[in-house]
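Report on the following structure.
The values are calculated or read from the model by the stated rules, or taken from the named source; none is laboratory data. Model, not experiment: these values are computed from the prediction. No Cβ is skipped: glycine too gets one built from the backbone with ideal geometry, and neighbour counts run over all protein chains shown. Heavy atoms of the whole protein, side chains included, go into the accessibility calculation; ligands, DNA and RNA do not. Shrake-Rupley method; radii C 1.70, N 1.55, O 1.52, S 1.80 Å.
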Amino acid sequence: MQTQRSIRLPARLDGSQLPFVAAIAGSLVVAYALVGPQQFSNFLTIGAVYALIALGYTMVYGIIELINFAHGDVFMVGSFVALWILSGPLGLHGSIDNPALLAVVLVGLFLVTMLILGALGIFIERFAYRPLRNAPRLAPLITAIGVSFILQNIMQAFFGPSPVNSPQIFTLNARFDVAGASIGYLNVFIVAVAVALMIALQLFVGRTRLGRAMRSTAQDREAAELMGVDINLTIAFTFFIGSALAGAAGIVWVLYFGYAVFNQGFYAGLFAFTAAVLGGIGNTTGAALGGFVIGFLQVAAAQYGYSRWSEVAIFGVLVLVLVFRPTGLLGQQLGERA
Amino acid sequence: MSETSVQAPPAAGAAARNGQPLLELQDVHTYYGHIHALQGISLEVHRDEIVTLIGANGAGKTTTLKAINGLLHPRHGKVLFDGRDVSHVPAHELVRAGIGQAPEGRRIFSRLTVLENLQMGGYTRSPREVAQDVERVFALFPRLRERARQNGGTLSGGEQQMLAIGRALMCRPQVLLLDEPSLGLSPILVQQIFAIIREINAQGTTILLVEQNALQALNVAHRGYVLQTGRVVLAGEAAALRQDEMVRKAYLGEI
Amino acid sequence: MSATASRASGARERRSNPLRALLEAHRSLAAILGMAVVTAALPLLAAMPPLNGFNSQGVWVDSFANAGVFVLLALGLNIVVGLAGLLDLGYAAFFAIGAYTYAFGASPFSGNDFPFWIMLLIGAIVAATFGLLLGAPTLRLRGDYLAIVTLGFGEIVPTVFLNADKYTKGTNGISGVYQPSLAGYNFTFTDPWPYYLTMAVILTLAILAIYRLQDSRVGRAWMAIREDELAAASNGVNPVSTKLLAFALGASTAGLAGAFYSAKLTFVSPDQFGFTVSFTVLAMVVLGGMGNIWGVGVGAFLLFIIQSVLLKQLNPFFASFGLTGIDFLQYQYLLYGLALVAMMLLRPEGLFPSVRRRRELHAAEELPEEPVAAEAAEGSTP
Amino acid sequence: MQSRRIGAIAVAAVVVAGACSSAATPAPSAAPAGSAAPASAAPAGSAATGSKYVTIGVDLPLSGGEFANGDPTKKGIQLAVDQANANGGIAGYTIKLSVKDDAVNGVHNPQQGATNVQTLVADPTVIGIVGPFNSNVGAAEIPITNQAGLLQCSPANTNPGLTKPQYGALDIRKAFPNRINYIRVATTDDIQGLAGAQFAYNDLGKRRAYIVDDTETYGKGLADVFEAQFKKLGGTVVKHDGAPSSTTDYTPLLTAVQSKNPDVVYFGGVTATGGGLLRKQMAQVGMGSLAFGGGDGIVDGPGGVEGSFITVAGAAAANSFGTIAATHDIPNAQAFSQAYQKAYGAAPGAYSASAYACTQVILQALQAVAATATSPTALREAVRAYATDPTHKFNTQLGTISFDQNGDTSQHIISFYKTDMTAAGGKGDWVFVRQQDFGQSSQ
């Protein structure tokens, strides 16, 4: 059987997790002290995007040990789908000032985009990865690169090679002042959506039948099969969720940055993948944490005038973390399995 | 040992077991790559029986189970379950059809809790049935109730075996495949496990037991098959097999 | 499976085919002959249809020399990925280090003018040193964690060359890098042959060296580690030093390739060594057939020619069928992506899988742990 | 993309003229589209048979994200050649194009560029190359074409290092340092950075500049010159950040600099490497009212043109200024734009006009020397010698230009533009402010 992998999460908060929660809270305080309230909001926002993408990486890795390099491009497609829905069928141009209408549009946007993207994820898995499930490990890695090229080129053919503007349905100057900083409601919304999706994912994976099936399949595919789990279905479903979350990240992206471009998935995906590894690949909580860490590093580099070196900082931190914690911040320890 | 010592053919005991076997293998051949693992296994398991497969390392016992549970599909021959040819049905569907298994090495989901492991066992069934059956398993293995919230990986070997059997029972199998349930357990635990196997059988579950501990296996089983290099070399009533000279020499450690 | 077991089966294979047996017995000779034949045949092919329809022979030879750089890179990465089983996603970093080392050693920017032939070696040594520096703290990481660390390294190195502009001319790159000379003959842009022949010699030597390594104690240790690190370690193989050696050798090959590359292009800049280079080389190794030296070489050669020559001819190609309305160049990466997916689906083990590896693969597909592990354990319990 | 965009001029000028918002616009000539500059230079009566031809090589990035740069540029060349052929060719020659893509995996690649020019050098019918687009591709190509003596005209390179000896150009044309073969129609970054600093300090009265560059050749070069010149004038540079083109989120950078109270933000780079996004996000963090400036990399056409600065930045593009390294009062601007529109159904790209001009230079050189050359080799050399002779003047889409002893354009006029969001029918456009000759400060 394969080495142990799992999608792990704390099932519920108990005493053993207090140090963890305290560490997170402490890090947030330090982060706040280092960059101030305005940048704090900035890093939470961009961190949320990375975290959402990283979740898909980590789930797919957890279940089939594939570094799905096309995942960043799935996120990119998500941005374009959201952009298209807003400007195409909905025909929007500017902000929506009626909060009720805004809420309806947002709910619809998230539902439709995430469904479409989930379906795309299933499609990709079915045709590019499933046939290679028993092939040498690197074969699906190469098809992932191929899929990445394909997705980029298709989007480029449809939307052109330049950034395409999307209607920004949030009024940009809807902001409130707190602690001497001016925080956009959009930022709050994005962080809230991301956190809500992450909690929903935790609950889903932790508490539901299908979630259990996913974790079992990740741990021991054959044993899960002997429990009556349809492995193909479960893996497809994992892709569905991961891709839907990437779709959510894509929506958040167009809402926040107001544009999409065919190659935006490359670096976003790279950073998100780094986030997943930083957190301990296969671990959903770790992926989310990693996303925020990377967001913080970018913001801190900008704050202190080292933006030229922000990539070096990110990968440098990654190397350091892995040297001292070879399975990432929250990764499972090796040798757990007897 | 010689093949001339084959005693009663499997059909001999069938008179007592009316009608069609619940599970039947007809001349099953399987391969691992170029290795011809099973070279024509035929056996049958009737309702309410405990049937055991015994044999040395590499005789093909576990492989036979894999041919039954769908992890391995026979290249020739058939597997019939309840009269239906299931040779090429995928493993997860066979669970639904009523074949449950406690796999060799237990294969507990170590980072799922005991309760979650049991819930996985009942994966094919409705939540309400699962809740009922969890109680049933807890009644059978009180230890598991105490450890319900613990991760599977933290259990001792005996507890893990109980969990593996309990988990297999969760799908309400018509036939339960047990692969080496006594492996690595202390003698006392072995006794307990076999007692439980009897009890499960008494409650109406057919059992196909793969054991390397041939004596214990033949003690609980009604009938048995002796496998050697992918073939059935001997078959018969458990009591008869216990008396067989070759079995005694080769598997029961008697001289 | 232990190393000795697969070697034994390799030996069996050898006996079964006399020609193969002869060639394998004199593998060095075969490599030299093979490279000589290839080196002679390629320019001849280039002068014949259909190749001469695309480009003149000289341009083809120039492209072949460029392709040689990638063949060399692929051979080096194959040591790391194919032989030792370590996934390296930042291989371009060592390529960059080799290229910059040569640019420092022989360009008007640095004021140095060391001979190309010495710089080739120095480029390899410097790259290997960085390989050791990166590898020492990280090689104990499990498979894919190592992959991401190397990926990070692959991003860091060009960024350092970009931002340390005092020492590297930053984003402008170092231009006017000196071309090689040999016995008074100066290499020029107008004559691709010296580069081509030099590359052929380098490749031949590299192939000989890698064959030697593969068949040596070290090669067996790599294979053992690739198959089962724990078992290898318990059999006296030191996993860290063995992996480090693979890493350093892979890096030095890339450094060599980098030095040649910058000497031929006469220009290095940070953006030539990005992520896509690492990925392209990895795709070459996997497509060619990991672990198989000739397969990897052919895979790299084909992919390079597809990328830099054939895909660029899409428009003239389709125009010859009267299709002129569409700009096919624009869709070359769609085609490239489809080709990558299709090739992997059709031949997951690569175009030319090594015999050894193919056997492992197909056995692994169906082989359960049962006969190997479980029933062995069975016997050991009372 | 370490280059710059020139030829938005065409687009800008047309719309300016159309909007009548600038008094400085000369009336465009009423010449019909088909007879734009090069074609009219072809003498009548030279109607040739198609049997005799020469080739113009094209080397541009034509795939991946850089298609956006390369394709409209290529079409500018194509337009010039088609017009020349429609008028009976040049001196009896039909003109063919040999188009090469120097992008690999979607990114411009020096090695591919080198391979491409090797191919073109090997083709005896090639009399000149238009390209490359990117400076680092140029650095790999010029040594080859220099050795071969093949004329190369870049529509987009502005890095001084490619031509000027004091920036190391002699290393690049090492084979024949005094035989110039590489020319370009765009003024180098050093002049434009200087002009930008003067405009910000003198015209706009700004004193505290925040500079961001995209870490690429064009952007960083421009930003560094701007910084030096702005300080020389007495201004303060509050911070100079580098944000690689992979940057998507500029809010942390902007937030960090807010407390330093800059009164102008200068961007070294092009729209595609972040110019538009930076401006857009300035509005997002409440810095939208600050002046924003850049080089010709952001002066790339009105709103509505795909991927242009004003399109990407949207309403936030207001209060921006930019420079273009060319004269504003271009002859026949409208004719070119209309001809392009007619041929390709789209407005010209940022570099279409300069690519067109490069082609014009090659064709006019061919016209001048065709009669004297007896062999393809001689023709190639004659074209090169003619085009690079500083005494020869070329009548191009960018005005009358010649090339100095390094191959740089003689034209050192910088035009200044500001955004006007009411222009172009409310989509916003760059409007001409003034122009200045920096000829003296160019060396």
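Given the criteria in contact with a Phe, Trp or Tyr (Cβ under 8 Å, 6 or more places away or on another chain), of a type outside the set (Asp, Glu), open to solvent by 20 Å² or more (accessible area, probe 1.4 Å) and within 14 Å of chain D (Cβ to nearest Cβ), does C:Phe153 qualify? So C:Phe153 does not fit the description; no. Note on the range A:258-280: residues that are over 18 Å from C:Glu155 (Cβ atoms) and among the aliphatic types (A, V, I, L, M) amount to 2. For the range A:132-153, a residue qualifies if it is more than 22 Å from the chain's Cα centre (by Cα) and more than 7 Å from every other protein chain (Cβ to nearest Cβ), and the qualifying residues are A:Arg133, A:Arg137. If you filter the range D:231-258 down to residues that are within 20 Å of C:Glu155 (Cα to Cα) and open to solvent by 20 Å² or more (accessible area, probe 1.4 Å), you find that the one that is farthest from the other protein chains (Cβ to nearest Cβ) is D:Ser245. Answer yes or no: is there a residue in the range C:284-293 that is closer than 23 Å to D:Gly113 by Cα, modelled with pLDDT of 90 or more and surrounded by 17 or more Cβ atoms within 10 Å (Cβ to Cβ). Yes, the range C:284-293 contains a residue that is closer than 23 Å to D:Gly113 by Cα, modelled with pLDDT of 90 or more and surrounded by 17 or more Cβ atoms within 10 Å (Cβ to Cβ).
Per the conditions (1) surrounded by 21 or more Cβ atoms within 10 Å (Cβ to Cβ); (2) more than 29 Å from B:Glu44 (Cβ to Cβ), the sole criterion not satisfied by B:Pro173 is (2). Tell me, yes or no, whether the range A:283-291 has at least one residue that is within 14 Å of chain D (Cβ to nearest Cβ) and closer than 18 Å to A:Ile124 by Cβ. The answer is no, given that none of the residues of the range A:283-291 is within 14 Å of chain D (Cβ to nearest Cβ) and closer than 18 Å to A:Ile124 by Cβ. So, in the range C:161-189, exactly how many residues are more than 12 Å from chain D (Cβ to nearest Cβ) and not aromatic (Phe, Trp, Tyr)? Of the residues in the range C:161-189, 8 are more than 12 Å from chain D (Cβ to nearest Cβ) and not aromatic (Phe, Trp, Tyr). Which members of the range A:168-189 meet the condition of being open to solvent by 10 Å² or more (accessible area, probe 1.4 Å) and part of a loop (DSSP other than H, G, I, E, B)? A:Gln168, A:Phe170, A:Thr171, A:Leu172, A:Asn173, A:Ala174, A:Ala179, A:Gly180 - these are the residues of the range A:168-189 that are open to solvent by 10 Å² or more (accessible area, probe 1.4 Å) and part of a loop (DSSP other than H, G, I, E, B).
Checking each residue in the range D:404-421 for being more than 19 Å from D:Val312 (Cβ to Cβ) and open to solvent by 50 Å² or more (accessible area, probe 1.4 Å) picks out D:Gln405, D:Ser410.
The rows are residues; the columns are (1) part of a helix (DSSP H, G or I); (2) out of contact with any strand residue (DSSP E or B) (no Cβ under 7 Å at 6 or more places or on another chain); (3) among the hydroxyl-bearing types (Ser, Thr, Tyr); (4) farther than 18 Å from B:Ile200 by Cβ.
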site: B:Ser87; (1), (2), (3), (4): no, no, yes, yes
site: B:Leu94; (1), (2), (3), (4): yes, yes, no, yes
site: B:Ile108; (1), (2), (3), (4): no, yes, no, yes
site: B:Asn117; (1), (2), (3), (4): yes, yes, no, no
site: B:Met120; (1), (2), (3), (4): yes, yes, no, yes
site: B:Ala131; (1), (2), (3), (4): yes, yes, no, yes
site: B:Val134; (1), (2), (3), (4): yes, yes, no, no
site: B:Ala139; (1), (2), (3), (4): yes, yes, no, no
site: B:Leu144; (1), (2), (3), (4): yes, yes, no, no
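Just wondering, is there one or more residues in the range B:99-106 that are more than 8 Å from every other protein chain (Cβ to nearest Cβ), open to solvent by 70 Å² or more (accessible area, probe 1.4 Å) and not in a strand (DSSP E or B)? Among the residues of the range B:99-106, not one is more than 8 Å from every other protein chain (Cβ to nearest Cβ), open to solvent by 70 Å² or more (accessible area, probe 1.4 Å) and not in a strand (DSSP E or B), which makes the answer no.
Count, please, the residues in the range C:295-317 that happen to be out of contact with any helix residue (DSSP H, G or I) (no Cβ under 7 Å at 6 or more places or on another chain) and either surrounded by 24 or more Cβ atoms within 10 Å (Cβ to Cβ) or modelled with pLDDT of 90 or more (or both). So the answer is 2.
Among the residues making up the range B:209-235, a single one is open to solvent by 10 Å² or more (accessible area, probe 1.4 Å) and at positive phi: B:Thr229. Candidates in the range A:308-324 are the residues that are free of Cβ contacts under 8 Å to residues at least 12 places away in the same chain and open to solvent by 40 Å² or more (accessible area, probe 1.4 Å); of these, the one that is nearest to the other protein chains (Cβ to nearest Cβ) is A:Arg308. In the range D:191-219, the residue that is surrounded by the fewest Cβ atoms within 10 Å (Cβ to Cβ) out of those that are within 14 Å of another protein chain (Cβ to nearest Cβ) and in contact (Cβ under 8 Å) with a residue 60 or more places away in the chain is D:Val212.
Restricted to the range D:70-187, the set of strands (runs of 3 or more DSSP E) holding at least 1 residues that are free of Cβ contacts under 8 Å to residues at least 40 places away in the same chain and touching a strand residue (DSSP E or B) at 6+ places or on another chain (Cβ under 9 Å) comprises D:151-154. One residue alone among C:Tyr336, C:Tyr331 is open to solvent by 50 Å² or more (accessible area, probe 1.4 Å), within 12 Å of chain A (Cβ to nearest Cβ) and within 30 Å of D:Thr217 (Cα to Cα), and that residue is C:Tyr331. Against the definition (away from chain B (no Cβ under 14 Å), in a helix (DSSP H, G or I), more than 18 Å from A:Gly78 (Cα to Cα) and open to solvent by less than 50 Å² (accessible area, probe 1.4 Å)), how does A:Leu197 come out, yes or no? In short, no.
Taken over the range A:156-167, the criterion of being open to solvent by less than 30 Å² (accessible area, probe 1.4 Å) and either more than 8 Å from every other protein chain (Cβ to nearest Cβ) or among the polar types (S, T, N, Q) (or both) is satisfied by A:Gln156, A:Ser162, A:Ser166, A:Pro167. Summed over the range B:39-79, the residues that are polar (S, T, N, Q) and open to solvent by 10 Å² or more (accessible area, probe 1.4 Å) give a count of 3.
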